[in-house]
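Notes follow the structure.
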Amino acid sequence: QGVETESDGQQQGKKIVRKPYVLNEMEFEASLPEKKSNTLSRDLIDYVQYMIQNHGENYKEMARDEKNYYQDTPKQIKRKINVYKNFYPEEYKDFVASLKQEKMEVQ
């Protein structure tokens, strides 16, 4: 009899985790540096801006960067950058525009 209830329990468990991507999203949200209501931590912003400034959109290079303290994978870094883009679309646009400007001035 004990075996039956066990398999029932497992069945229910399986049903609950039918959408692993939703779970991953939530785990990711939970693993982000603490968000105060609607802002990202200065640390995260500096990290993302540093990565974009030095590597553009080359996430593999970012992952190899010595400043990748979090040991993030290229995918994780891309996600952080997307979180930043979603939180601060204007600031992101200005930031990228200012980088392009700098590159032009350097040449």
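The values are calculated or read from the model by the stated rules, or taken from the named source; none is laboratory data. Nothing here was measured: the structure is a model prediction, and the numbers come from that model. Quick reminder, even Gly has a Cβ in these numbers, built from the backbone with ideal geometry, and neighbours come from all protein chains shown.
With the condition kept exactly as written, say whether any residue in the range 62-84 is of a type in the set (Phe, Trp, Tyr) and in contact with a Ser or Thr (Cβ under 9 Å, 6 or more places away or on another chain). No, there is no match, as no residue in the range 62-84 is of a type in the set (Phe, Trp, Tyr) and in contact with a Ser or Thr (Cβ under 9 Å, 6 or more places away or on another chain). Among the residues here, Met104 does not qualify as at pLDDT 95 or above and among the hydrophobic types (A, V, I, L, M, F, W, C).
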